[in-house]
Amino acid sequence: QVQLVESGGDLVQAGGSLRLSCAASGGAFSIYTMGWYRQTPGKQRELVAAITSGGSINYADSVKGRFTISRDNAKNTVYLQMNSLKPEDTGVYYCNAKNPFRGYWGQGTQVTVSS
């Protein structure tokens, strides 16, 4: 059973930066594809960025050039560096770990970007 704990969410002004962290335990972290998703009221949870075990990265078009996902397998942690934040980036950010058989979710961390 993989457990994921996110941290780093906060209230920030537009144009600011935040770094989210997701610490994993209970599984072989290095083999999982790790992702960050966000959800806002009334909308479906959407993929923000993902990084595979081999280091391949995928970003949502809305965050390309502003967000950077990375992972530290020695620390069982995945990060999301968010720069040039916009009010539309506001939401609850969830960490996800998945292998070919199932996926796991963290509890989420709130990011609020004020205009």
Kindly list the number of the only condition in (1) part of a loop (DSSP other than H, G, I, E, B); (2) open to solvent by 30 Å² or more (accessible area, probe 1.4 Å); (3) not hydrophobic (A, V, I, L, M, F, W, C) that fails for Ser30.
(1)
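Looking at Ser56, Ser114, which is the one that is at pLDDT 95 or above, within 17 Å of Ile31 (Cα to Cα) and either touching a helix residue (DSSP H, G or I) at 6+ places or on another chain (Cβ under 8 Å) or of a type in the set (S, T, N, Q) (or both)?
Ser56
Residue by residue, here is whether (1) surrounded by fewer than 19 Cβ atoms within 10 Å (Cβ to Cβ); (2) under 26 Å from Pro100 (Cβ atoms); (3) of a type in the set (D, E, K, R) holds:
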residue	(1), (2), (3)
Glu6	no, yes, yes
Arg19	yes, no, yes
Asn58	yes, yes, no
Asp61	yes, no, yes
Residue selected from region 96-111 under the condition part of a strand (DSSP E or B) and surrounded by 14 or more Cβ atoms within 10 Å (Cβ to Cβ), by the criterion nearest to the chain's Cα centre (by Cα):
Asn96
If I ask for residues that are in a strand (DSSP E or B) and either over 14 Å from Lys98 (Cβ atoms) or of a type in the set (D, E, K, R) (or both), which ones from region 33-48 would you list?
Arg38, Gln39, Glu46, Val48
Boolean, Gly108 is modelled with pLDDT under 95 and closer than 14 Å to Cys22 by Cβ:
no
Being open to solvent by 60 Å² or more (accessible area, probe 1.4 Å) and out of contact with any Ser or Thr (no Cβ under 6 Å at 6 or more places or on another chain) narrows Arg38, Arg45 down to just Arg45
Filtered residues of region 79-95 (kept if of a type in the set (Gly, Ala, Ser) and part of a strand (DSSP E or B)):
Gly91
Name the pairs whose Cβ atoms lie under 8 Å apart, with the first residue in region 66-83 and open to solvent by less than 40 Å² (accessible area, probe 1.4 Å), the second at pLDDT 95 or above and acidic (Asp, Glu), and 6 or more positions between them or separate chains?
Val78/Asp72; Tyr79/Asp72; Met82/Asp89
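The values are calculated or read from the model by the stated rules, or taken from the named source; none is laboratory data. Just so we're clear, the structure is a prediction, and the values are computed from it rather than from any experiment. Glycine gets a Cβ as well: all are built from the backbone with ideal geometry, and neighbour counts include every protein chain shown. Keep in mind that these areas ignore ligands, DNA and RNA; they rest on the heavy atoms of the full protein, side chains included. Shrake-Rupley method; radii C 1.70, N 1.55, O 1.52, S 1.80 Å.
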